[in-house]
Amino acid sequence: ATIAVVGGSNDDAFWNLIKKGIDDATPAVVANGGSVNYLRLQNYDNFAPDVVQLIRTAISQKVDGLVIPNWVPEAEDPAIKDAIAAGIKVILMNAGGADKARELGAINYVGSDEYVAGQAGGTYFASHGKKHVLCVNTLPGANNTEARCKGVTDGMVAGGGAAEQLPLPSTSFGDPTAVAEAIKATLLKDTTIDGVITISAGDADAAATGIQQSGITTVSLGSFDMNAAGLARIKGGTQTFAIDQQPYLQSYLAVSLLASAIDFGTSLPTYPVLTGPGIVDAANIEATLAGVEKGAR
Amino acid sequence: MPQAILSLKNINKSFGPIDVLHDINLEVRAGEVLCLLGDNGAGKSTVIRLLSGVHKPTSGVMAMDGKPVSFANPREAADHGIATVHQFGGTFPLMSVGRSFFVGREPTKWVGPFKVYDRKLANDTAVKAVQSFGITRIDDGDRLVGGLSGGERQALAIARAVHFGARVLILDEPTAALGVKQASHVLRIVNEAKRRGLAVIFITHQVMHAMAVGDHFAVLIRGAIAADFRKGEKSREEITDLMAGGEQMAELEAEIESYMAAGEGHPEPAKHVH
Amino acid sequence: MPQAILSLKNINKSFGPIDVLHDINLEVRAGEVLCLLGDNGAGKSTVIRLLSGVHKPTSGVMAMDGKPVSFANPREAADHGIATVHQFGGTFPLMSVGRSFFVGREPTKWVGPFKVYDRKLANDTAVKAVQSFGITRIDDGDRLVGGLSGGERQALAIARAVHFGARVLILDEPTAALGVKQASHVLRIVNEAKRRGLAVIFITHQVMHAMAVGDHFAVLIRGAIAADFRKGEKSREEITDLMAGGEQMAELEAEIESYMAAGEGHPEPAKHVH
Amino acid sequence: MQSSFSPGAMLRRPEAGAFLGLLAVMIFFGIFGGLTFLQPAGMASWMNVASNLGVIAIPVGLLMIAGELDISVGAMVPFGAMTVAVISGHYGLPIWFGIAAALSFGVLIGLINGYMVIRTAVPSLIVTLGTLFAVQGVVLGLTVLITKSTSVALSTEGAAKTIFGDFFFGGQVQVMVLWWLAITAAYIFFVHFSRFGNWIFAMGGDKVSARNAGIPTERMTILLFVLSSTSAAFVGMCQAILYNSAQVAGGQSFIFNAIISVVVGGVLLTGGFGSIVGIFFGTITFAIVNQGIYYTDFDRNWSSLIIGILLLVAVLMNNTFRKMALSYSPRKMGVK
Amino acid sequence: MQSSFSPGAMLRRPEAGAFLGLLAVMIFFGIFGGLTFLQPAGMASWMNVASNLGVIAIPVGLLMIAGELDISVGAMVPFGAMTVAVISGHYGLPIWFGIAAALSFGVLIGLINGYMVIRTAVPSLIVTLGTLFAVQGVVLGLTVLITKSTSVALSTEGAAKTIFGDFFFGGQVQVMVLWWLAITAAYIFFVHFSRFGNWIFAMGGDKVSARNAGIPTERMTILLFVLSSTSAAFVGMCQAILYNSAQVAGGQSFIFNAIISVVVGGVLLTGGFGSIVGIFFGTITFAIVNQGIYYTDFDRNWSSLIIGILLLVAVLMNNTFRKMALSYSPRKMGVK
Ligand SMILES: Nc1ncnc2c1ncn2[C@@H]1O[C@H](COP(=O)(O)OP(=O)(O)OP(=O)(O)O)[C@@H](O)[C@H]1O
Ligand SMILES: Nc1ncnc2c1ncn2[C@@H]1O[C@H](COP(=O)(O)OP(=O)(O)OP(=O)(O)O)[C@@H](O)[C@H]1O
Ligand SMILES: [Mg+2]
Ligand SMILES: [Mg+2]
């Protein structure tokens, strides 16, 4: 089976783990005479059009199967329908959900959900006694980051707390000092805040410093996704948790399931296949670190 | 004496707090060359900019054929038949000779329902106009202006002004950067324009050039007209002194004079200071 | 005749396929003004650029005091005592008079362990140097060059060159954009430099200016030396013809001549063409 | 007189470098990516990308020819998209209201840019950097204020959908490609055949002389800024209609992508030189490089490197051609 | 002779507008944000941001004074961070190796930029746009190739941590602030008191005349490009040490932030005019505006709008001061 996988930006740590899952699933596909082509977004600057463009690229390559995150349903749905109409088998991965998969006629959904992941974070905070959480959004206006923060807010509210979003201007993006100082200032201004969560693992590096700078020791830190520095903080106790959607599994399973479905006509009764959200905290940090060693977490 | 085409009456011009021109009265007549003389910063180019619609006078009246006029922009002055070659610039290095020649007044033709730029006509006209002023080396209207020599560019600008300048041709220091041959070419062009019945305003710092073509002279000193006379009414020395702002140029002039007088008779080399 | 400070022997210069200079031989002596004449594009500025280290000759030998030299960059030429005022530019509108004067050769003083730019010295020296050439209106070294008049800027550039030009002063068309008074100022500066024993190379398109200061004349025609003579060896008409590339300038010159002859005696106004 | 159709004359045209660059890129991806990307579906892939970029790149290129820069287009794309989505999606007003409003805002920001550039001596890079941030702020602030969200859905039916945001040709090609081709043709006429084009080149060559030659430079400058920001708003609006949604973020990649396309297309950053056909080729070249990598076996991680090198090579090549154009004279100059 | 300490002379200095802008911003946030941001913790907040930006903004500003632009700094920050993280974090080599390598790459890219600018006639905006993309590609490609990840951890102990990536003054202020102050002082000496500064202004005023005046313009150009890209690599390296981690993405905000700081600081985009103190003030102004909003009750969504408007106002103000500087002459010019 020739399979195309559409994925996130090149320089995004998360999507590199997706790539690892694809790479590990590829030998089995190749062994059965197929190939896997990974189509990555250059950046998120022109998001919806670029994603649709990649879907159309895949259609033009006459692939047998397509693994696609349904980030912007309004935009992507027509293209995905076109793909299915062209005889391509589709698995939704990472974004979309089971209902959407059924609606479009995709064979399954593998992944987590930004909003659900956010909710899990909010619930985690609330169940650990936090009352007021700040969701730091360095890319305000983008669908996935907005959904994460909204999930956190709803999770907190459900648990009896409150949460708000801190949108940073584009002039602060990628400057850890500006991010750290923005968080510090907010903590100093509103001393009721006792939890901070960042929309990416890199921002958590800055947030850790910002919290430390504020001198307020009761603030706990969480992050979406994780990197080595974040795991070290969880191990060392300066970060409480990270929300992991286990990207490796998403792509590994999606590619394997799809190839098997195309080549051998298999189908999985589990629908959808959820890989997250998983929470990495002090309880399971050692096992996670072992996976990180091997580049899969 | 014919009626003035263009006349300035009690014109003043200030830039903010800086008064540049003061009570200027001038008349320009068809078939006559008016030489505008004066020191650096006397206000010559400012007068030109008023006449060509670049600036507006602060007070005073500009009239054409006796009727008051006011130019909102250079375009309006051009529409009244005033063509100007400004002191600096005026050509576009990366444009073709043809396009540069017609810039702002591009010839068009109808192609079906569309009015399009007539490249062939523009190129042919431009080349012919430039060649008619003796610059025969330019024979391809598609050539870029940036590849022409300084003299050729000046000739292009003047040819352009003459071509469009139905009535008044204004030249601001057209000979400043030119060689002797090119300068004399320009002087011939001025005489030719005069012969065709145009009124010409000519600015120069070179007495010889002024005297070679001028019919009428106006000298500006610090923004005011210090002298206004016709050809032959003043000697070269008097004109030179006026051009220098009224100061005596005696010493140096004397040196030049003495040399020139001597030069004809091949004097022995001057002694050197070691 | 004293030994030549600077001499060019069989110098050739090409830019890629374009041959600009051909077998140039020239000598410059202390206390003498060499006038380099020639049409637009004859190659005068190119000769200057070789002498001042901007370009290197394609072949041929440049010698100072009889010893061959080669300048890798303008700095080396300046270090050999050759100071040049180039045809265009040379001043920096947004810099102060003092800094512009000393650009590339800033005076420094020790302040504790640091060698710092000596602003006061620079300003005072610059103002004094410019004033010594008669431009007394400049009295504040902190003033920006962009606020000076064209003549004042030219004087600043020349004063700078004279100040640093220990031995050879090169001026490329220093009088082109200047008024009569400013131009005569520059000519006086040249005479003053000569009196101080400098060798001067002077480029101009104005015969009068050349004759007013030149001791020695070299005429370039299309990149080659067409004539090389001393003061008094040729008449103004001959020089003018040479400057125009060897062509006869008779017609126009005749007209000028006739006017000038008449001018002295206040002739009646010429008839106009209507 | 030299015939204007000789190979030499062709090589001196502004688009010569761009055309050779396009050929080189096509050959490169033909070898490494097979010919899939030249078959209809593959062509649709880069044509769609090129069309959205091209509609913005041409007016940006005209501004560069006239000696100005406009980087506020990066905020105008989401502004246009959000305007139509808020008006016709959130408030549910007729789609034509939304379209009219999106374009009007484009005109408005263009007027603001243009007036600030002509009234002050501030370089347009700085002025439009200011409006870039300001418009970004306005889009985010107003959208959140009005919709309490940063992503607004929009569903369009009927003529507006067909005209502005649909696919044709087997559902592969965006209507934007038709707009792009039509607009390019109009610009070619406007710039190279009508008299106004000459004015733009003159303005880029020497603005003061252009004004003295009677060209209404101020009106032209404003017009060009209006064109570029309206074009960006138009592209944003069409994207919102096509994808049925608009986001606050995004659009910034158009800034550098448009500049790259224009420069690869042979336009001189300092003004006075360039051509629409060149920009057209430059845009296609950029789109092929951007999309072509998906047809090859290269590691996707190196695509930025390839784009960077492409840009440098293209610019050096154009530079050579421009020098040839300038030094051209029918006879060899020099001695003897 | 006019005394150089008169109020009039003060107002004509390049930093006059920047200083008034800084005052205005301080008063603005003093009123709307209380005085928290002027107390130690608040000051540390914008000082830290200003220091990281300032170390890059000054050499970028010097390039602008010399008539060039460098936007590749946006890729040099992550390049510097990633180099030290890969060498000393991933491979575990001594931290000084990593530091030396990060700075060497800064020098290397600076040399490449500088050589391309002086050897070709291509504007530096385009050259550095090319290296921006190329370096981004190299960082991403190599990092993933080597570490299989885009985020690399780094833990530093001892002297290197204290010197490059720690806090002092009650754990509030980054050592970068000390670097920034020291580097600014060194630049002030270099630009305004040593003779070399004069050369930079001359190059920006008229490059050909500067070369003719004996200034080694090519060497200076290369030096300035090396300074700017090494400074950016230095900031990236220090950030990696401070935050114990490096990301492939990010750093692009430094491009526009540095340009804004420099322009707000009174430097003329077209070259030949500006001052280090002005850039210093401009950087602080930008940092206060960027961070000050967190001390106010404004909706955070409007921060881009505020930054955009600040930029336009500051530039217009500087423009006025520059005109005053140029038209200054001790006597009134004119008739009578
Ligand atoms: N736009 C302006 N704003 C302020 N002052 C001006 C302006 N234009 C000209 N001036 C001033 O007016 C005076 C006259 O300038 P103008 O250019 O008319 O002199 P000019 O006689 O042409 O001199 P030159 O022979 O050097 O060309 C000068 O002092 C000049 O500085
Ligand atoms: N860098 C260069 N590359 C190519 N050709 C050049 C270069 N510099 C000068 N030339 C050519 O060399 C010739 C001589 O130029 P030069 O500037 O020396 O003339 P000039 O005698 O100073 O003229 P003018 O009186 O107009 O200043 C011209 O044809 C010119 O186009
Ligand atoms: Mg003048
Ligand atoms: Mg010359």
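When the test is whether a residue is within 11 Å of chain B (Cβ to nearest Cβ), away from ligand 4 (no atom under 16 Å from the Cβ) and not aromatic (F, W, Y), C:V168 does not pass it. Could you grab me the full set of residues in region A:127-151 that are touching a residue at least 40 places away in the same chain (Cβ under 8 Å) and within 16 Å of the chain's Cα centre (by Cα)? Listed by number, the residues that qualify are A:C135, A:V136, A:N137, A:T138, A:L139, A:A142, A:N143, A:N144, A:T145, A:R148, A:C149.
Looking at region E:166-280, the helices (runs of 4 or more DSSP H) lying wholly inside it that each contain 3 or more residues that are open to solvent by 20 Å² or more (accessible area, probe 1.4 Å), away from chain A (no Cβ under 14 Å) and within 27 Å of E:A18 (Cβ to Cβ) sit at E:175-188, E:195-205, E:217-243. Each residue in region C:212-245 was checked for being within 11 Å of chain B (Cβ to nearest Cβ) and more than 15 Å from B:V180 (Cα to Cα), and 12 pass. Of all residues in region C:192-207, those that are at positive phi have Cβ atoms under 6 Å from Cβ atoms of residues that are open to solvent by less than 10 Å² (accessible area, probe 1.4 Å) and away from ligand 1 (no atom under 16 Å from the Cβ), 6 or more apart or on another chain, in C:G197/C:G31.
The residue that is nearest to B:R49 (Cα to Cα), among those in region B:195-206 that are at the interface with chain C (Cβ under 10 Å from one of its Cβ atoms) and away from ligand 3 (no atom under 16 Å from the Cβ), is B:G197.
Determine, yes or no, whether C:P93 is within 16 Å of ligand 1 (Cβ to nearest atom) and either modelled with pLDDT of 85 or more or within 14 Å of chain E (Cβ to nearest Cβ) (or both).
yes
Look through B:H185, B:H209 and report the one residue that is open to solvent by 20 Å² or more (accessible area, probe 1.4 Å), more than 7 Å from every other protein chain (Cβ to nearest Cβ), under 17 Å from the mean Cα position of the chain (by Cα) and at pLDDT below 80.
On inspection, the qualifying residue turns out to be B:H185.
Could you list, in sequence order, the residues of region A:165-195 that are in contact (Cβ under 8 Å) with a residue 40 or more places away in the chain and within 22 Å of the chain's Cα centre (by Cα)? Across region A:165-195, the qualifying residues are A:V179, A:G195.
Within region E:137-150, residues that are touching a residue at least 12 places away in the same chain (Cβ under 8 Å) and under 18 Å from E:S72 (Cβ atoms) reach partners that are outside any helix (DSSP H, G or I) and open to solvent by 20 Å² or more (accessible area, probe 1.4 Å) with beta carbons closer than 6 Å, at six or more positions or on different chains, in the pairs E:L140/A:D11. Residues that are at pLDDT 85 or above and open to solvent by less than 40 Å² (accessible area, probe 1.4 Å) were ranked within region A:60-78; the one that is nearest to D:Q252 (Cα to Cα) is A:P69.
Checked against (1) touching a strand residue (DSSP E or B) at 6+ places or on another chain (Cβ under 6 Å); (2) within 16 Å of ligand 3 (Cβ to nearest atom); (3) not β-branched (V, I, T), B:F217 passes all but a single condition, namely (2).
Restricting to region A:164-211, name every residue that is among the small types (G, A, S) and either more than 27 Å from A:R297 (Cβ to Cβ) or at the interface with another protein chain (Cβ under 7 Å from one of its Cβ atoms) (or both).
Result: A:S170, A:S172, A:G174, A:A178, A:A182, A:A185, A:A201, A:G202, A:A206.
Residues of region C:13-64 that are out of contact with any strand residue (DSSP E or B) (no Cβ under 7 Å at 6 or more places or on another chain), among the basic types (K, R) and within 16 Å of ligand 4 (Cβ to nearest atom): C:R49 alone.
Please enumerate the residues belonging to region A:89-136 that are on the phi > 0 side of the Ramachandran plot and part of a loop (DSSP other than H, G, I, E, B). A:N94, A:G96, A:G97, A:G105, A:G129 - these are the residues of region A:89-136 that are on the phi > 0 side of the Ramachandran plot and part of a loop (DSSP other than H, G, I, E, B).
Considering only residues in region B:168-177 that are within 16 Å of ligand 3 (Cβ to nearest atom) and on the phi < 0 side of the Ramachandran plot, the one that is surrounded by the most Cβ atoms within 10 Å (Cβ to Cβ) turns out to be B:L171.
Check whether at least one residue in region A:68-81 is at the interface with another protein chain (Cβ under 8 Å from one of its Cβ atoms), under 19 Å from D:N244 (Cβ atoms) and assigned to a loop (DSSP other than H, G, I, E, B), and report yes or no. The answer is yes, given that some residue of region A:68-81 is at the interface with another protein chain (Cβ under 8 Å from one of its Cβ atoms), under 19 Å from D:N244 (Cβ atoms) and assigned to a loop (DSSP other than H, G, I, E, B). Annotation note: of C:L178, C:L187, the sole residue that is within 16 Å of ligand 2 (Cβ to nearest atom) and closer than 30 Å to C:I135 by Cα is C:L178.
Restrict the check to region A:250-270 and report whether at least one residue is in contact with a strand residue (DSSP E or B) (Cβ under 7 Å, 6 or more places away or on another chain), without any contact (Cβ under 8 Å) to a residue 60 or more places away in the chain and either more than 8 Å from chain E (Cβ to nearest Cβ) or surrounded by fewer than 21 Cβ atoms within 10 Å (Cβ to Cβ) (or both). No, the conditions are met nowhere in region A:250-270. Taking the criterion of being open to solvent by 50 Å² or more (accessible area, probe 1.4 Å), at pLDDT 85 or above and not in a helix (DSSP H, G or I), the residues of region A:271-297 that qualify are A:A282, A:A283, A:N284. Kindly indicate whether B:D79 is surrounded by fewer than 18 Cβ atoms within 10 Å (Cβ to Cβ), facing another protein chain (nearest Cβ under 9 Å) and within 24 Å of the chain's Cα centre (by Cα). Criteria met by B:D79. Give region D:19-60 a look and list any residue that's at pLDDT 85 or above and touching an Asp or Glu at 6+ places or on another chain (Cβ under 9 Å), or say none. If the condition is that a residue be at pLDDT 85 or above and touching an Asp or Glu at 6+ places or on another chain (Cβ under 9 Å), then D:V49, D:P59, D:V60 are the ones that fit.
Residues are listed down the side, and each one gets a yes or a no for (1) within 16 Å of ligand 1 (Cβ to nearest atom); (2) within 9 Å of chain D (Cβ to nearest Cβ); (3) among the aromatic types (F, W, Y):
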| position | (1), (2), (3) |
| --- | --- |
| B:G43 | yes, no, no |
| B:R49 | yes, yes, no |
| B:V54 | yes, yes, no |
| B:S59 | no, no, no |
| B:T84 | yes, yes, no |
| B:V111 | no, yes, no |
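Residue pairs whose Cβ atoms lie under 9 Å apart, separated by 6 or more positions or on different chains, with the first residue in region B:1-25 and away from ligand 1 (no atom under 16 Å from the Cβ) and the second at pLDDT below 80 and not basic (K, R), are B:M1/C:H272; B:P2/C:H272; B:P2/C:H274. Among the numbered conditions (1) more than 9 Å from chain A (Cβ to nearest Cβ); (2) part of a loop (DSSP other than H, G, I, E, B), the only one that E:I288 does not meet is (2).
The values are calculated or read from the model by the stated rules, or taken from the named source; none is laboratory data. On a predicted model such as this, the values are computed, not experimentally measured, just so you know. Quick reminder, even Gly has a Cβ in these numbers, built from the backbone with ideal geometry, and neighbours come from all protein chains shown. Please note that ligands, DNA and RNA were not included when accessible areas were found on the heavy atoms of the full protein model with its side chains. Shrake-Rupley method; radii C 1.70, N 1.55, O 1.52, S 1.80 Å.
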